[in-house]
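Engineer: This is the structure I have questions about; it appears just below.
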Amino acid sequence: MNITCSMAVSSKSGNTKLVADALRRELSGAGVRFATFIDLDDADADPVQSEGVESAKGAEGDEAVENGQSANAAASAPVESTSSTSTIATQASEADVIFVGFWCDKGSCSPAVQHFLQGLAGKRVFLFGTCGFGESDEYFAQILDRVRAYLPADAQYIGGAMSQGKMGMGVKRRYEGMLEKDPENAQARMLIDNWNKAQSHPNEDDVSRIAAAAKEALEVISE
Ligand SMILES: Cc1cc2nc3c(=O)[nH]c(=O)nc-3n(C[C@H](O)[C@H](O)[C@H](O)COP(=O)(O)O)c2cc1C
């Protein structure tokens, strides 16, 4: 495939970075050239976490993820100005396709990713991401729809794929606290089960699935 791509990634705790690195390896093996790799966490233009962004599940599940992990977020990347976000958008502008990796933040993506996507006028974009819940393709699709909505109208969304990603210990403790208070709390049990399942993600199958979706999208545009 004679395509030049850029990849831009935001990863709070490493899951999405892991997928990004594996995806880059897989695609490079298939002849895709990556001209630039952009760490979006180096240019977070917004000092405020995305308060009030609608959750994909709309249920306490996400709020629990959110609250639990917010406690671990104290060490997040330093904030820089909006201008650096536009600089990296310019860096990516030579590429045929921009791969944008994001972690699910309250049902959508973090402000750094939102700003980056907004700067991709006229570009072809493939989205990939990780999130705490992994039970259905429909859930992934909802998140992708929310995230792609940040693209300018003349950007071309060529596809996207997601996987589940492990969550912090603080989240689990919070769920366990819910269960301690109310041992009959079925939702707390479900959340703990999900947390345990998430521990093994992203795994090789997740990466293969995301890479297959990316290759398919690239094949379609190179036809
Ligand atoms: C502040 C915050 C909010 C989150 N919101 C959601 C959410 O709404 N839905 C979800 O499924 N996962 C949510 N998660 C879980 C992360 O998206 C998930 O663990 C992801 O794999 C983290 O990726 P990273 O390691 O690349 O940062 C949230 C995590 C944090 C820290």
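The values are calculated or read from the model by the stated rules, or taken from the named source; none is laboratory data. All values reported here derive from a predicted model rather than from experimental measurement. Positions of Cβ are backbone-derived with ideal geometry, glycine not excepted, and every protein chain shown enters the neighbour counts.
Engineer: State yes or no: is residue 123 within 16 Å of the ligand (Cβ to nearest atom), over 17 Å from residue 23 (Cβ atoms) and either surrounded by 19 or more Cβ atoms within 10 Å (Cβ to Cβ) or at pLDDT below 95 (or both)? Step through it out loud before you land on a result.
Structural biologist: Working: within 16 Å of the ligand (Cβ to nearest atom): no; over 17 Å from residue 23 (Cβ atoms): yes; either surrounded by 19 or more Cβ atoms within 10 Å (Cβ to Cβ) or at pLDDT below 95 (or both): yes.
No: the conditions fail for residue 123.
Engineer: Further question on the same structure: Find all pairs meeting these conditions: Cβ atoms under 8 angstrom apart; at least six residues apart or on different chains; first residue within segment 116-139 and free of Cβ contacts under 8 Å to residues at least 60 places away in the same chain; second residue polar (S, T, N, Q).
Structural biologist: 119/85; 119/86; 123/93; 123/156; 125/156; 135/194
Engineer: Let me ask something else about it. Could you check segment 162-203 and list, in sequence order, the residues that are within 16 Å of the ligand (Cβ to nearest atom) and of a type in the set (D, E, K, R)? Walk me through it before giving the result.
Structural biologist: Going through segment 162-203, the residues within 16 Å of the ligand (Cβ to nearest atom) turn out to be 162-175, 187, 190-203.
Residues satisfying the conditions are 166, 172, 173, 174, 193, 197.
Engineer: If you scan segment 175-212, which residues turn out to be crowded, with 16+ Cβ neighbours inside 10 Å and within 30 Å of residue 34 (Cα to Cα)?
Structural biologist: 198, 201, 202, 206, 207, 210, 211 - these are the residues of segment 175-212 that are crowded, with 16+ Cβ neighbours inside 10 Å and within 30 Å of residue 34 (Cα to Cα).
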